[in-house]
Structure formats: structure tokens, C-alpha cells
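Just so you know, all these numbers are worked out from the coordinates, no wet-lab data involved. Keep in mind it's a predicted model, so treat the numbers as computed, not measured. Cβ coordinates were reconstructed from backbone atoms using ideal geometry, including for glycine residues, and neighbour counts include every protein chain displayed.
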Amino acid sequence: MDYKNVTLIDYPIVKRELTRLRDKRTSPEFFRAAVNRLSIILANEISKKFTLKEIVIETPLEKTKGFELKQEVLLVPILRAGLGMVNGFLEVIPDAKVGHVGMERDEKTLEPKSYYFKIPSTKKNTFIIILDPMLATGGSVSAAISKLKGNGINHCVFASIVSAPEGIKKVYKDHPDVEIYTTAIDRELNKKGYILPGLGDAGDRTFGTL
């Protein structure tokens, strides 16, 4: 199936790391390491969208042309599973700022709501990358994007490790301007909203709270 808003990164090393994440025998230590490696790959892919400005530097021998990022980058992990992706992105973009969005489902309405929101001040051209390893129903991600847009952020992309078709469609329906980068598009959601075949609860497996 063709998804207009999705960039799927699925070369061999990605498939190997995904296999480790899916395996129920993988310990939290190795689960975190695989998430970190996939986050580095996602960060490299997304960084192709960055723009540069020219500068002049001096090598030990002469002056030469160089480059630096034209805009600042802000990482916004969705708590708590998104925290596992931050270090990988910071390895590629060490000067990025980091904000946080906490989302939870209201037990009465079943709609996602924000319980924590803190981001640093941003410039008009700040490049925003939202992080969450799982895109399941898409409700929390869509709500997080709406929250960011409501605070004056005009452009962002979303990075996930495993995505469900239902979540991709939800984000595209609500925010057709937001690009999704993912390393897998799985088959479907089960009745409880878990991705199949998936990898279980990414937060629990990252932090060992099974």
C-alpha cells in the first residue's frame, strides 16, 4: 500500500535491529541498544531535510568553505517511550534542543489528553522532530502535533520505529502536512490497539517495567 506521507527505511541493518526488538527474549539492555541504533538511522535519514548556510573556516593550511545548519532542531519525545530515541538522535544532532510531551488516554472519553508539556522557545524556522517508537492508533501522536501547532509551531516531522496502517491514516487525516519516518509498517492493530506483529509495549520493554 502506498502512503503519501511516509518514508519507509527498511534496508538490511534495519531489518536485523527490528528482529532483535520483536524477539520477546531480548532484554531491556539490548532492547534499548537496538532502539538507539535505529534512532541514529532515522536521524540520519531525516537530516537530509535540513538546510545549510555557508561559512568560512581555517584549516591548518588555508581558509576554506564550510557549512553549518541554517535552522535549529528541536526533538520532542512523547513520554515515556519516546525517551528511548532521544540519545540516538542527539548522537547525530548534538546541538538539538529537547522538549517533552506527555500524553495519556482519558478513561471516560478514551481520547488522548496532555498531562505534561514543556518545550524550549523556538524560532520560526525551527525543525521539529517528534519521537515515539510506536505509531499505533495515531491518537496520541495526532494530539501531540495539535498541541505543538497550538503553541505556534508550523512545521514538524514524526519519527517512529514501528507503525500501524491505522495510525498512519489517522495522522495523515488530521495533519496531512506532517511527514512520517518509520522503519516498519506492520500488518494491523488488535482489538486492544496493539500493533501486530509489533514488539509489545515499547515503554515497558525499554525501562524493564513488564
Relative contact order as a percentage, segment 6-207, C-alpha pairs under 8 Å and 6+ apart, gives 23 percent
Filtering trypsin sites (Lys or Arg not before Pro) in segment 162-206 by DSSP loop and by at most 12 other Cβ atoms within 10 Å leaves R187, K191, K192
Using alpha-carbon positions, the gyration tensor of segment 89-175 gives root eigenvalues a ≥ b ≥ c; with a/c under 1.5 called rounded, otherwise prolate if a/b exceeds b/c, else oblate, the class is prolate
Counting only DSSP beta bridges with both partners in the chain, the antiparallel fraction in percent, to the nearest 5, comes to 40 percent
Distance in nm between K97 and K15 label points, each 7 Å along Cα→Cβ, equals 4.1 nm
Per the 1/(1 + (r/R0)^6) rule, R0 = 25 Å and r from the Cβ atoms of K123 and L61, FRET efficiency to 0.05 is 0.10
Distance in nm between D174 and E188 label points, each 7 Å along Cα→Cβ, equals 2.3 nm
From the cross-link list K49/K170; K113/K149; K118/K169; K15/K170; K149/K192, the entries with a Cα-Cα span beyond 19 Å are K49/K170; K118/K169; K15/K170; K149/K192
Measuring from its Cα centre, the chain shows a charge dipole (+1 at each Lys and Arg Cβ, -1 at each Asp and Glu Cβ) which, in debye to the nearest 20, is 260 debye
For the chain, Rg(Cα) over 2.2 N^0.38 Å is 1.06
The simple spin-label model distance between N151 and D201, using points 7 Å out along Cα→Cβ, in nm, is 2.6 nm
Expected vector for segment 195-205, Karplus 3J(HN,Hα) from phi with 6.51, -1.76, 1.60 and θ = phi - 60°, integer Hz, x for Gly and Pro, equals 6, 10, x, x, 8, x, 8, 4, x, 4, 6
Per the helix-only model, the chain has a calculated mean residue ellipticity at 222 nm (DSSP H runs of ≥4, -39500 (n - 2.57) each, divided over all residues, rounded to the nearest 500) of -10000 deg cm²/dmol
